1. Can you tell me which residue within segment 79-91, out of those that are assigned to a helix (DSSP H, G or I) and not basic (K, R), is farthest from V57 (Cα to Cα)?
2. Can you pull out the residues in segment 28-60 that are exposed (fewer than 13 other Cβ atoms within 10 Å of the Cβ) and within 12 Å of L13 (Cβ to Cβ)?
3. Given Y171, Y157, which one is open to solvent by 20 Å² or more (accessible area, probe 1.4 Å), hydroxyl-bearing (S, T, Y) and farther than 20 Å from A14 by Cα?
4. Kindly provide the set of residues from segment 136-154 that are open to solvent by less than 60 Å² (accessible area, probe 1.4 Å), under 18 Å from the mean Cα position of the chain (by Cα) and not hydroxyl-bearing (S, T, Y), ordered by number.
5. Modelled with pLDDT under 95 and out of contact with any Leu (no Cβ under 9 Å at 6 or more places or on another chain): which single residue out of F75, F88 fits that description?
6. Can you tell me which residue in segment 120-150 is nearest to E174 (Cα to Cα), limited to those that are in a helix (DSSP H, G or I) and aliphatic (A, V, I, L, M)?
7. Regarding segment 92-112, can at least one residue be identified that is in a helix (DSSP H, G or I), free of Cβ contacts under 8 Å to residues at least 12 places away in the same chain, surrounded by 14 or more Cβ atoms within 10 Å (Cβ to Cβ) and on the phi < 0 side of the Ramachandran plot?
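The values are calculated or read from the model by the stated rules, or taken from the named source; none is laboratory data. All values reported here derive from a predicted model rather than from experimental measurement. Cβ placement follows ideal geometry from the backbone for every residue including glycine, while neighbour counts extend to all protein chains displayed. Note: accessible area is taken over every heavy atom of the protein model, side chains too, but ligands, DNA and RNA are not part of it. Shrake-Rupley method; radii C 1.70, N 1.55, O 1.52, S 1.80 Å.
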Amino acid sequence: MFGFAKMTEQGALARVLLISREVYSEAWKGNIEMDLPALLDLLSKVLSHCGDESEPVLGLLKPLKLEFKEKHRAFYPRVKKYFGRGRFVPEYDYDRALRLVPLMLFGNDKICEKLSRGEPEMAKVMCDAMKSCPGYIFDEFGALSPEQFYDLVFGFYPKLYDEEFMEPMKYLFE
């Protein structure tokens, strides 16, 4: 399930997904030492280059690391391990990951929208759901069908808050 990641585009994306999971998890726990909108914006900026041969994710790892070290110092120790060359990362279906990156970009935008509206508890619940996305990409939910994963992870939000969260992205799970 895990393999030694050479510095490839696939390995770089795996690292960004693992960093994303750390950010979502800490936000869900209520970590107040992080600027969540800035972190999500930074991750979205990198994720938006997935599949872009002119500016690949691999080339953005060093600037991402520097940004964490300079602007998100309190959070950097949580993700430092993902920048090392000797880091083992999960093996996964890269094409599937590319198909699901828009889900993460959409989720990040929705979380930032809730934060800008002064609704941190709703954003926290969204982070709880989003922290499962990298695991889904890494096939950690292999026992679930795509529809079951969607219902389990995102289906509860409209029931709690009587509004949609990821419904526009549901087609990715059909």
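1. Our first condition is that a residue be assigned to a helix (DSSP H, G or I); within segment 79-91, this holds for 79-83.
Going one step further and asking which of them are not basic (K, R), we end up with 79, 82-83.
Working: V79: 17, Y82: 14, F83: 13 Å.
Step by step, filter segment 79-91, then rank; the result is V79.
2. Of segment 28-60, the ones exposed (fewer than 13 other Cβ atoms within 10 Å of the Cβ) are 29-30, 32-33, 52-55.
Within segment 28-60, just D52 meets the criteria.
3. Details: Y157 fails: open to solvent by 20 Å² or more (accessible area, probe 1.4 Å).
Every option except Y171 fails the conditions.
4. First, pick out the residues of segment 136-154 that are open to solvent by less than 60 Å² (accessible area, probe 1.4 Å): 136-138, 141-142, 144-146, 149-150, 153-154.
Going one step further and asking which of them are under 18 Å from the mean Cα position of the chain (by Cα), we end up with 136-138, 141, 146, 149-150, 153-154.
Once the filter is applied, which keeps residues that are open to solvent by less than 60 Å² (accessible area, probe 1.4 Å), under 18 Å from the mean Cα position of the chain (by Cα) and not hydroxyl-bearing (S, T, Y), segment 136-154 yields I137, F138, F141, P146, F149, V153, F154.
5. Details: F75 fails: out of contact with any Leu (no Cβ under 9 Å at 6 or more places or on another chain).
One residue alone meets the criteria, F88.
6. Let us first name the residues in segment 120-150 that are in a helix (DSSP H, G or I), namely 120-130, 133-137, 146-150.
If we keep only those that are aliphatic (A, V, I, L, M) as well, we get 122-123, 125-126, 129-130, 137.
Details: M122: 26, A123: 25, V125: 24, M126: 21, A129: 18, M130: 18, I137: 15 Å.
Here the residue is I137.
7. Going through segment 92-112, the residues in a helix (DSSP H, G or I) turn out to be 94-112.
Now restrict to residues that are free of Cβ contacts under 8 Å to residues at least 12 places away in the same chain: 95.
Narrowing further to those that are surrounded by 14 or more Cβ atoms within 10 Å (Cβ to Cβ): none.
No: segment 92-112 contains no residue that is in a helix (DSSP H, G or I), free of Cβ contacts under 8 Å to residues at least 12 places away in the same chain, surrounded by 14 or more Cβ atoms within 10 Å (Cβ to Cβ) and on the phi < 0 side of the Ramachandran plot.
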